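The numbers here are math on the coordinates, done by the rules we state, and not lab data. A quick note: this is a predicted structure, and the numbers were derived from the prediction, not measured. Cβ placement follows ideal geometry from the backbone for every residue including glycine, while neighbour counts extend to all protein chains displayed.
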Amino acid sequence: MLLRARWGTFLTFALAGLLTGVWVSRMPALVDKFELSEAEVGIVVLVWGLGAITAMQALRAVMSRAGSRAALRVALPLTALTYSAVALAPGYGVLLAAVVLFGMAFGITDIAMNAQGTAVERAYKRPVMSGLHAGWSVGAMSGGILGVVTAAVGLGFTETVLAAAALTLPAGLALGRTYLPDPPAAASAGTGRRARRMPPAVYLIGALCFIAFMTEGSIADWSGLLLHDEMDASEAVAAAGLPMFEAAMLTGRIFGDRVRAHVGTRRLLAGAGVGTALGMTVVVLSPVPVLALAGFFVTGLMVCTVVPTTMSLAGTAAPERPGAAVAQVSAIGYGGLLLGPVVVGFLSDATSLRLGVGTVVVLALLIAAGARFVPVDGAVDATPVDVTDPGPEPVAA
């Protein structure tokens, strides 16, 4: 049952990543379908993020009462249905409404699958969250490949998104049988004022998640322009920056749980912060694109464990209502994902693109500095664990 739950949660992360990968890779097709301007595309992305954050904040109490298993059984299929609505939208106004609904359903799926990951991790009594988040990376890369293939054969935005939704809906329904129930205290807590109050530690963890998401979003949006405009890389080489970063993220997450079990949570976060700062220093100071690509790989390898670790810590910082705590940390983190690229853009306009992207170095050092203050009481690595436990690794399998 435990192995089935772990695989089910891993595949849930993969499906969420798949939807995101298709969404991003076929954005040019969406632009062509509705003849959107850059400003209109920005509004589409913004309302999706606002929908996700709103749902995360508004439904914390519901998550506490229902538990992650019940929430996922509803939210994941609903995400596929709203994704279909996005594909079938006949005009821009309907598209925005559908994107808001998709963002809200996706936001609930996000917090529920992280809360379920926390339940699985506590059942294993050792770190497994990075391995679960590796599922997201696998799904996102698969979604990107699906986007490339469908574009190559001439399929439009509608057909591609519908195909991804058609795959996700039955899979999401089937995975509902694999999830673990939340601990009784987690499922029953969360009414009245108590549901609205979170321990201060949750907000500290959320701040680290915010910084990590801000870093990831900045690299995703600005890596190509940095390589092309500042280092005179060709478009093909500039396009390699993000895949290099994502490949490193996947690699790091495969091994992240074992590293955390060996060195502990605080040392892992501190090392991730310092390593991310060093990797981005190489990128910013690089005179040639090849060296910058190596810097992006190091950065992805280092920063990849921060978000999974903060989600794991959120569940233990408020053990009586982990779903609500994960919802709070996720909402704070998504704020960084939306804000990071905007901040880099403003700083780049005022100074230069190198200096704008260089803010990631400062953000990474803040992660390293904040690591010493994160609460580890109750965390899965708070006591020695047997890292040779032969429990299967989904990615390795």
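GNM remark for the chain: springs join alpha carbons under 10 Å apart, and the peak mean-square fluctuation among ALA14, ALA317, ALA236 falls on ALA236. Amide hydrogen proximity for ALA233: with H placed 1.01 Å from N in the peptide plane, the residues at 5 or more positions away or on another chain lying under 5 Å are HIS228. Helices that extend 20 Å or more along their long axis by alpha-carbon positions and average at least 1.6 on the Kyte-Doolittle scale are, among the DSSP H runs of the chain, 289-303. Computed about the Cα centre, the dipole magnitude for the range 1-181 is approximately 1100 debye when only Lys and Arg (+1) and Asp and Glu (-1) carry charge, each at its Cβ.
The loop-placed trypsin sites (Lys or Arg not before Pro) in the range 23-69, going by DSSP, include none that has at most 11 neighbouring Cβ atoms within 10 Å of its Cβ.
Charged neighbours of VAL153, selected by a Cβ distance under 14 Å, balance to 0 (K, R count +1; D, E count -1). Using alpha-carbon pairs under 8 Å, 6+ residues apart, how would you state the relative contact order of the range 199-376 in percent? Relative contact order of the range 199-376: 41 percent. Among ILE145, ILE254, ILE205, the largest mean-square fluctuation in a Gaussian network model of the chain (Cα springs under 10 Å) belongs to ILE145.
Would you please classify the overall shape of the range 28-89 from the alpha carbon gyration tensor, given that a ≥ b ≥ c denote the square roots of the eigenvalues, rounded means a/c under 1.5, and beyond that prolate means a/b larger than b/c while oblate covers the rest? Cα axes put the range 28-89 in the oblate bin. Ordering LEU180, ALA52, ILE108 by the projection of their Cα atoms onto the charge dipole of the range 1-181, which places +1 on the Cβ of Lys and Arg and -1 on the Cβ of Asp and Glu, puts LEU180 at the extreme positive end.
As a length-normalised measure over Cα pairs under 8 Å and 6 or more apart, the relative contact order of the range 280-382 settles at 27 percent.
Once C-alpha pairs closer than 8 Å and six or more residues apart are averaged by separation and normalised to the residue number of the chain, the relative contact order reads 26 percent. Projecting the Cα atoms of LEU30, THR118, VAL342 onto the dipole axis of the chain, where Lys and Arg carry +1 and Asp and Glu carry -1 at the beta carbon, places THR118 farthest toward the positive end. Once you reduce the range 134-160 and the range 42-64 to the center of their Cα atoms, the two points are 24 Å from each other.
Taking ASP221, ASP257, ASP110 in turn, the Gaussian network model of the chain (Cα-Cα springs below 10 Å) assigns the largest fluctuation to ASP221.
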